[in-house]
Each structure stands twice: as structure tokens, then as C-alpha cells.
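Participant: Here it is, the structure, as C-alpha cells.
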Amino acid sequence: MTRRTAPAGQGTPSGSRPAGRVRAEPEPAAEPAKTTYREAMRAAIREALQRDNRVFLMGEDVGRYGGCFAVSLGLLEEFGPERIRDTPLSESAFVGAGIGAAMGGMRPIVEIMTVNFSLLALDQIMNNAATLLHMSGGQCNVPLVIRMTTGAGRQVAAQHSHSLEGWYAHIPGIKILAPATLVDARGMLWPALQDPDPVLIFEHGSLYNMQGTLPAEVGAVDITSAAIRKPGTDVTLITYGGTLGITLDAAGELAGDGIDAEVIDLRTLRPLDDAMFVASVSKTHRAVIVDEGWRSGSLSAEISARIMEQAFYDLDAPVERVCSAEVPMPYPRHLEEAALPQAGGISAAARRAVG
């Protein structure tokens, strides 16, 4: 994907930003609303900007261009260039600026176009944002939120199809969120902004066009726990983010065979909600982990290890894992689909576990 340079944003400057919060709360929608994942994320950003004058959005093309995935479309005109800030094409520079702003009392939302570009800011994220609280002896928090698009399935080839959430979940000092539903897309941002420590939000690119209906009032979502998306008794399917949909599809296929699968959406990848998936495995006695990351050294490996450590004697079969093929992601659609986890592979793994 070619990164585009947008013209400088034109809007009404918001002037100096007070350190305190705006008292007026935005009015909730009167009735359930049809929306998309993209629009839910935009509504979450808008609400945060309305609720707290310390909040601002910064990143490449977030202003006049409306964001590379159109999440911030219209926000420049609504809030002005002081709070919707286009940045140069330098992830290390603008993530570092976000860290500095957070240390100075602001509440920045930093958007990185795709997860592969975050590697250009890895030093800032790992060596600064994640460690400053420790290195300052508890004196310096970094209340920073970093949003980025992750995942494959859109034919954007090897350099823009990574799923590196597991890499970041390895780092102490940060929280990792992976909203997979409209409610989570709408409700995770505000509690992330209230967290005194850095929070990384991974938005799967295949979800932006996902449509659905949001409840009339979507409150803050618990960003420390997993969620059971489908209860079941025969096998536990553990997943997150962009693979939740195909995992639910697999659970539907299994139901046709008389296999009752429980589907757990991790939602928070660091800290992992061990209690939720261990309790489920203790009930079903079988586990299948679905992870779009590469298998070796993956998040699925960590979850498998924790199940073995905490529920080994409850297992009736080895833990199964369904991951992406360990190759650079192919561009041709049929090869990309072959490399990614699919519902058929998930249901086959569950059948092996059930026997």
C-alpha cells in the first residue's frame, strides 16, 4: 500500500486546550442504530474528543484525507487542526511526540496506518512508552493510546498483511486490545484513554466494512476480560480479532455434526484472561486456538502453554492450533486464502479434538 501525503488540514482552530475536561456529556442515541465497524470507531473517537479537551488524534493522513481507512473522515472539519493533526511520514517521530504529549498531561490517540509500519516506532513503544513508569520509579505514567490496522485477507501482499499482536503482547508495561465486534469497537477506546499506561488497539482491516446494529446506549467495555460469544459444552474455540467471524462459522458447522462448541473472544491480549479460557477448557476438556499470527512463537503457543500449566488434567485431547502458514503472505487471492485460517480448518481441528 502506498502511503499518501495529504494537504495540510483546513478547519477552524480550536484554540488553546485547557487541561481539564469538558463537563457536557454527548447525548446517547435514542434507539439502536445500524452502523459499521469503521463508523463505530469514528463515533468512539468523536465521543472522546467531546468528553475531554486533552484528547487529540494524530497520524498520517488522519486530517483532510479522513484516514487511510476512512475512520477519521469528517473529524477535521468538526474539531479543527489543533485536535486532528496530520503528521509527517515518520512513525518514530510522531509516536515519540505522542509519548511526550502523554507525559505532559494530554491524552493522545496516535494512529499508525498498518501494523508493519509500527516496527519503525518499535523503539519508542518498547523502550520508552512501556518502560518509563518503571524507569522513573513510578513517577511518570504514559497515558497513550496507539491504534493500528492489522491482519491479512485484503490482498495487500507480504508487507501489509502482518498479524503482530503476539509480538506486542510479549512486552510488559502495555495493554493490547483487539476489538472484534461493533460494541467493542465503540466501547473500548474511552476506557483505554482512562488507563494511566500505554494501550495498543489492533483493528483488523477486514472488519472495517462489517455491518450491524449497535444498542441505543453503548457504555464503556471492560478491557481486562475475554467474552464468551457462544456457549458450548464439547470443545472450546479460543480466538480474537479478525478470526472471530470464521470461528463462529466453524462453530455453526460443528453444530450440524452434533458438536457443541464454546467460542471465546479474547478481546484483551495483554493481560490475557486466563481464568475465562481455563474455566471453559475445564468444562469442555478440549481446546482449539485460532490465531492469524504465525504458529512459531505465537500468541497461540502462549495460550496453549497456559492451558497445559493450569488445566492439564482436565484435557481429554491435545490442544489444537490453527494459525497462518509460515510464509510471507501471498498476493494472489487463492494463495492468501490458503495461507490463512479458514472455518473448514477450524472445524477439522475441533473434530480431531473431539474424536
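Participant: For the condition surrounded by 19 or more Cβ atoms within 10 Å (Cβ to Cβ), within 21 Å of the chain's Cα centre (by Cα) and under 22 Å from residue 184 (Cβ atoms), what is the one hit in 41, 58?
Facilitator: 41
Participant: Report, by residue number, each residue of region 21-51 that is charged (D, E, K, R) and either more than 27 Å from residue 90 (Cα to Cα) or at pLDDT below 95 (or both).
Facilitator: Listed by number, the residues that qualify are 21, 23, 25, 27, 31, 34, 47, 51.
Participant: Please specify each residue of region 116-131 satisfying the condition of being buried (at least 17 other Cβ atoms within 10 Å of the Cβ) and in contact with an Asp or Glu (Cβ under 6 Å, 6 or more places away or on another chain).
Facilitator: 117, 121
Participant: Can you say whether residue 148 is of a type outside the set (S, T, N, Q), open to solvent by less than 10 Å² (accessible area, probe 1.4 Å), free of Cβ contacts under 8 Å to residues at least 60 places away in the same chain and out of contact with any Pro (no Cβ under 8 Å at 6 or more places or on another chain), as far as the supplied structure shows?
Facilitator: yes
Participant: If I go through region 207-239 residue by residue, how many of them are assigned to a strand (DSSP E or B), hydrophobic (A, V, I, L, M, F, W, C) and modelled with pLDDT of 95 or more?
Facilitator: Final tally of qualifying residues: 5.
Participant: Within region 245-265, take every residue that is part of a loop (DSSP other than H, G, I, E, B) and under 17 Å from residue 320 (Cα atoms) and give me the one that is farthest from the chain's Cα centre (by Cα).
Facilitator: 259
Participant: Taking region 184-230 only, how many residues are under 27 Å from residue 132 (Cβ atoms), in contact with a strand residue (DSSP E or B) (Cβ under 8 Å, 6 or more places away or on another chain) and touching a residue at least 60 places away in the same chain (Cβ under 8 Å)?
Facilitator: 8
Participant: State all residues of region 288-309 that are in a loop (DSSP other than H, G, I, E, B), open to solvent by less than 80 Å² (accessible area, probe 1.4 Å) and not polar (S, T, N, Q); if no residue qualifies, say none.
Facilitator: If the condition is that a residue be in a loop (DSSP other than H, G, I, E, B), open to solvent by less than 80 Å² (accessible area, probe 1.4 Å) and not polar (S, T, N, Q), then 297 is the only one that fits.
Participant: For residue 344, state whether it is part of a strand (DSSP E or B), modelled with pLDDT of 95 or more and closer than 19 Å to residue 263 by Cα.
Facilitator: Spelling it out, it is not the case that residue 344 is part of a strand (DSSP E or B), modelled with pLDDT of 95 or more and closer than 19 Å to residue 263 by Cα.
Participant: When you look at residue 255, is it surrounded by fewer than 18 Cβ atoms within 10 Å (Cβ to Cβ) and under 17 Å from residue 352 (Cα atoms), yes or no?
Facilitator: In short, yes.
Participant: Just the residues that are polar (S, T, N, Q) and crowded, with 19+ Cβ neighbours inside 10 Å, please, taken from region 166-201.
Facilitator: Listed by number, the list holds a single entry, 181.
Participant: What residue, of 293, 242, is under 15 Å from residue 346 (Cα atoms) and under 13 Å from the mean Cα position of the chain (by Cα)?
Facilitator: Going through 293, 242 in turn, the sole match is 242.
Participant: Using beta carbons and a limit of 8 Å, which pairs, at least six apart or on different chains, have the first residue in region 99-117 and farther than 17 Å from residue 65 by Cβ and the second one among the hydroxyl-bearing types (Ser, Thr, Tyr) and outside any helix (DSSP H, G or I)?
Facilitator: 115/149; 115/150; 115/163
Participant: Further question on the same structure: Residues in region 66-79 that are of a type in the set (A, V, I, L, M, F, W, C) and assigned to a helix (DSSP H, G or I): how many?
Facilitator: 3
Participant: Sticking with this structure for a sec: Quick check on this structure: which one of 231, 215, 271 is within 25 Å of residue 168 (Cα to Cα) and surrounded by fewer than 22 Cβ atoms within 10 Å (Cβ to Cβ)?
Facilitator: Residue meeting the stated conditions: 271.
Participant: Has region 313-332 got any residue that is in a helix (DSSP H, G or I) and crowded, with 22+ Cβ neighbours inside 10 Å?
Facilitator: Looking through region 313-332, none of the residues is in a helix (DSSP H, G or I) and crowded, with 22+ Cβ neighbours inside 10 Å.
The values are calculated or read from the model by the stated rules, or taken from the named source; none is laboratory data. Quick caveat, the model's predicted, so the values are computed rather than measured. Here the Cβ is made from the backbone with ideal geometry for all residues, glycine too, and neighbour counts use every protein chain on show. Please note that ligands, DNA and RNA were not included when accessible areas were found on the heavy atoms of the full protein model with its side chains. Shrake-Rupley method; radii C 1.70, N 1.55, O 1.52, S 1.80 Å.
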